[in-house]
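Heads up, the thing below is written out as structure tokens.
The values are calculated or read from the model by the stated rules, or taken from the named source; none is laboratory data. Predicted model only: the values in this text are computed from it and were never measured. Here Cβ is always computed from backbone atoms with ideal geometry, including for glycine, and neighbour counts include all displayed protein chains. Quick note on the areas: whole protein, heavy atoms, side chains included, nothing else; ligands and nucleic acids left out. Shrake-Rupley method; radii C 1.70, N 1.55, O 1.52, S 1.80 Å.
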Amino acid sequence: MTARLKIRSLSAGYGRTSVLHGLDHGGVDGGRMVGLLGSNAAGKSTLLKVMAGLVRAEGETLFDGANLADMPRTGRLAVTGYLPQTPPQSSRLLAWEVALAAFRAAAPATPRQQAEHRIQTMFARFELEEFALRPVSTLSGGKRQLLGLALVLARQVPLMLLDEPTSALDLRWQVQSLAAVREAVRRTGAVAMLALHDINQAVQFCDELIVLKQGRILASGPAERIVTPELLRETYGVTGRIETTPSGRRVVLIDDIAEQAAD
């Protein structure tokens, strides 16, 4: 496959505060999950917002050769699905009503019957059927986060931008949600970019990683190549090691705060 997502000389911020500084990334092929790693305020959320069209930027984010920033809103919505850190807000509307309304707003050309079928499929995947006719205001934060993720997956967009999609979920649903994203990526050839704080989840599920530090790309590539004790120290200020389980899975173990971070 040719590279579908590229980042060129990308800089962005809020007002006079610069957050991203000249990011360049050679390309992400379709059918791959990319984990965005980095400490708090490294720029992960800002990068996702830029690609979603929520933050203006200099430079380019190219998807299939087209700059996302140059697309009209309807065109960008047809290409991208964005899940913010905050789950869908409380509402008196039913969960099904919220999902259908959001789907129709983002993809009005999709026939209603097809939209309903896709939503129903994702509600079943995330065990949301019993909550479909409940007001969103009555759902827990975790259920609302699953509702948002279900909607992104139901739309079947070629570029998914997921900001900490497992932050409100218990361990079972963290694993099942990331597995669902990986399955969708493999099946449809989409690109998924996920901001994650759990480095072991990133290593387990993502095909490659982009590590940000102070708004710049510190490292990128396959996890087995770039996740090292030196990277843990430089990125997070901790000492750690990478072990291999009997099944061959690599696991990151954190030992302590690095001396320079403690100082």
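The table below lists the values:
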quantity: Close pairs (6 angstrom Cβ cut-off, 6 or more residues apart or separate chains): within 13 Å of ASP163 (Cα to Cα) in the stretch 181-205, of a type in the set (Lys, Arg) anywhere; calculated: ALA195/LYS44
quantity: Within the stretch 200-263, helices (runs of 4 or more DSSP H) holding 3 or more residues that are modelled with pLDDT of 95 or more; calculated: 229-236
quantity: Filter result for GLY141 (modelled with pLDDT under 95 and open to solvent by less than 40 Å² (accessible area, probe 1.4 Å)); calculated: yes
quantity: Any hit, the stretch 69-86, residues being open to solvent by less than 70 Å² (accessible area, probe 1.4 Å), assigned to a strand (DSSP E or B) and in contact with a Lys or Arg (Cβ under 9 Å, 6 or more places away or on another chain); calculated: yes
quantity: Long-range neighbours under 9 Å by Cβ, at least six apart or interchain, first residue under 18 Å from LEU218 (Cα atoms) within the stretch 236-259, second assigned to a loop (DSSP other than H, G, I, E, B) and at pLDDT below 95; calculated: TYR236/ALA258; GLY237/ALA258; VAL238/ALA258; THR239/ALA258
quantity: Test for LEU94: is it within 15 Å of the chain's Cα centre (by Cα), farther than 23 Å from VAL203 by Cα and at pLDDT 95 or above; calculated: no
quantity: The stretch 5-45 - residue that is of a type in the set (Lys, Arg) and more than 22 Å from ALA179 (Cβ to Cβ) and, of those, least open to solvent (accessible area, probe 1.4 Å); calculated: LYS6
quantity: Residues located in the stretch 1-48, provided they are touching an Asp or Glu at 6+ places or on another chain (Cβ under 8 Å) and not in a strand (DSSP E or B); calculated: MET1, THR2, LYS44, SER45, LEU48
quantity: Residue in the stretch 156-169 that is open to solvent by 20 Å² or more (accessible area, probe 1.4 Å), assigned to a helix (DSSP H, G or I) and either over 14 Å from LEU83 (Cα atoms) or not aliphatic (A, V, I, L, M) (or both) present; calculated: no
quantity: Given (1) free of Cβ contacts under 8 Å to residues at least 40 places away in the same chain; (2) surrounded by fewer than 19 Cβ atoms within 10 Å (Cβ to Cβ); (3) of a type in the set (A, V, I, L, M, F, W, C), number of the condition LEU146 does not satisfy; calculated: (2)
quantity: Set VAL185, VAL136: member being out of contact with any Leu (no Cβ under 9 Å at 6 or more places or on another chain), surrounded by 18 or more Cβ atoms within 10 Å (Cβ to Cβ) and not polar (S, T, N, Q); calculated: VAL185
